[in-house]
Amino acid sequence: MIRFWLVCGMLFAVAGITAAQDEGLAVEDVELTTQVDALGLEVQMVQGRLVNDSSSAFDQIDLYAEAYDGDDQLIGEGFGYLVNACGEALLPGFTMHPGMSEGFAVPLDIFEEGAAVARVEVIPEASAVDTASSGQSGFFPGVNEVTRREVVSVEWIDANSLRYSVGCWRDLFSQRQWHEYNLRTGIQQPVEHPRAAEMTDALANALELDDDMLFERSFFTFAPDQRRGVYQTELNTLVTVEPDGTFPRVLYDRLYNISLQGIYFPTGGAGVFIAYYYGGLGDPVNYVTGNVNGQQLSQSPKDPANPTAINESLTSLITPGVSTSGKRVVVMREVDGTSAYYLRATDTERIDRLFEAEPPGNNWPAPLYTITPENEQFVYVVRPVDEDARLQCYNVLTQSLHDLSGLPLALSDSARSWMWLSPDGESIALAANGVSGGLWLIDLTALEDCA
């Protein structure tokens, strides 16, 4: 067991961090907060990130903290654990590979009520693991790693730059950490989202979502490069509004018995989005498409003959991919015992079979459906093939499936992944959360031509 001593000074917030050694596990972004536990009691919590800056991998990671007052007297201690971006504890068998970083939480037990914490020593303990046998991913041609943080959304700025957010997928976009990345230079830097300042108490009040929990579960988001936003109400009605919450336009209602899992905007869709719903891993996925101007582009998942029931003919075995028009979706269905990808019209009953495949799961990336300037139709899918994640492309016109590349995607049942096509159609941004999360850029020009 290896012990790393790290000291952080605190004066209402962390003033600085020093480490006793140059290599190994390091602590970053430490803060002391007060939270309410399950029993309704206030608990002081040390939170931050644990970073592996060494060339070794570590497992059996524990964290111990000692709190001191201004006279350097020990006034509290605590035992902590690693957490994901949503604050959920990681499984005991987790291995931290070189270059990885994970959040941690250490609840403090203060010996005397009212004692003020001046500094805290955070002490990680871990066991070194042979890097060669620790499951590190290999080299994948055409695939470039941008970060190994938990990335949950991407917005393309132009063909050469994008912004991505790190954090919990359930949080509002303004609550996450945003970064910009330049494809040509490889330079990335933290930024504030250009619409974050518009997420105000006045907006929450206009939406009648004054309760913080209701506002956070609304999935409120602005369409990239568009004025209006979209969100779900307390009763799960899907609504679009102006930036100040005025001029609401109801798109779909009576969705109170299905759970919204995300709102996705395809690149270049000019405000088109797909909202997708399911209860848990393996459940069928319900979906609606529309645009932020208030136009319905799909049928409702509710059965018109029975408003309280779901129209099963509109469900999918995967999270559907949506076209930039919102009038086509790529879904997966099982017919006569055989599962396959289908291209479906959202406003009619038309559905065209693409190719057979085993369902990857509703937590895998939704397919990307694109029509090129030459009117070629491609469907990019990421799915497990012989237990390895593969990027494949289906040419709709020639009805041919092309296997393009392996991917460094290791998706657990509790993790999720997403894809976004660049404006010029030459790159795919692949993001994932969880302990093996990250952001990767796939250069399609370096791979087999799907045409």
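General observations
- Scanning region 234-246 for residues that are under 15 Å from G294 (Cα atoms) and in contact with a Ser or Thr (Cβ under 9 Å, 6 or more places away or on another chain) yields one hit, V239.
- Selected residue [at pLDDT 95 or above and either open to solvent by 60 Å² or more (accessible area, probe 1.4 Å) or not hydrophobic (A, V, I, L, M, F, W, C) (or both)] from G279, G271: G271
- Residues of region 139-151 classified as open to solvent by 10 Å² or more (accessible area, probe 1.4 Å) and within 16 Å of V191 (Cβ to Cβ), total: 3
- A count restricted to region 173-193 and to residues that are closer than 21 Å to A223 by Cα and assigned to a loop (DSSP other than H, G, I, E, B) stands at 3.
- Whichever residue in region 152-170 is of a type outside the set (V, I, T) and without any contact (Cβ under 8 Å) to a residue 60 or more places away in the chain and, among such residues, is least open to solvent (accessible area, probe 1.4 Å): S165
- Hits in region 407-451 - residues which are surrounded by fewer than 18 Cβ atoms within 10 Å (Cβ to Cβ) and within 16 Å of D388 (Cα to Cα): A410, S412, D413
- Counting residues in region 241-249 that are modelled with pLDDT under 95, of a type outside the set (G, A, S) and part of a strand (DSSP E or B) gives zero.
- Every test in (1) open to solvent by 50 Å² or more (accessible area, probe 1.4 Å); (2) modelled with pLDDT under 85; (3) part of a strand (DSSP E or B) is passed by V14 save one, and that test is (1).
- In region 201-225, the residues that are assigned to a helix (DSSP H, G or I) form Cβ pairs under 6 Å with partners that are of a type in the set (D, E), at six or more places apart or across chains, as follows: A204/D210; L214/E234.
- Qualifying positions in region 292-341 - open to solvent by 30 Å² or more (accessible area, probe 1.4 Å) and closer than 23 Å to R383 by Cα: L317, T324, R328, R333, E334, V335, D336, G337, T338
- In the set P373, P359, only one residue is more than 26 Å from the chain's Cα centre (by Cα), part of a loop (DSSP other than H, G, I, E, B) and surrounded by fewer than 22 Cβ atoms within 10 Å (Cβ to Cβ); that residue is P373.
- Single residue of region 185-238 satisfying the filter (among the hydroxyl-bearing types (S, T, Y) and under 22 Å from Q261 (Cα atoms)) that is surrounded by the fewest Cβ atoms within 10 Å (Cβ to Cβ): T237
- Taken together, the residues in region 386-401 that are assigned to a strand (DSSP E or B), surrounded by fewer than 19 Cβ atoms within 10 Å (Cβ to Cβ) and touching a residue at least 40 places away in the same chain (Cβ under 8 Å) amount to 2.
- Single unsatisfied condition, Y256 versus (1) open to solvent by less than 80 Å² (accessible area, probe 1.4 Å); (2) part of a loop (DSSP other than H, G, I, E, B): (1)
- Segments classed as strands (runs of 3 or more DSSP E), wholly inside region 17-120, with at least 2 members that are out of contact with any Lys or Arg (no Cβ under 8 Å at 6 or more places or on another chain) and open to solvent by 50 Å² or more (accessible area, probe 1.4 Å): 25-36, 42-52, 57-68, 74-83
- Qualifying residue in region 402-425 (condition: in contact with a helix residue (DSSP H, G or I) (Cβ under 8 Å, 6 or more places away or on another chain), of a type in the set (G, A, S), assigned to a strand (DSSP E or B) and modelled with pLDDT of 95 or more): no
- Total residues in region 344-363, condition aliphatic (A, V, I, L, M), touching a residue at least 40 places away in the same chain (Cβ under 8 Å) and more than 19 Å from S400 (Cβ to Cβ): 0
The values are calculated or read from the model by the stated rules, or taken from the named source; none is laboratory data. What you see is a predicted model, and the numbers here were worked out from it, not measured in a lab. Virtual Cβ from ideal backbone geometry, glycine too; neighbours counted across all protein chains shown. Heads up: the accessible areas ignore ligands, DNA and RNA and are worked out on the full protein's heavy atoms, side chains in. Shrake-Rupley method; radii C 1.70, N 1.55, O 1.52, S 1.80 Å.
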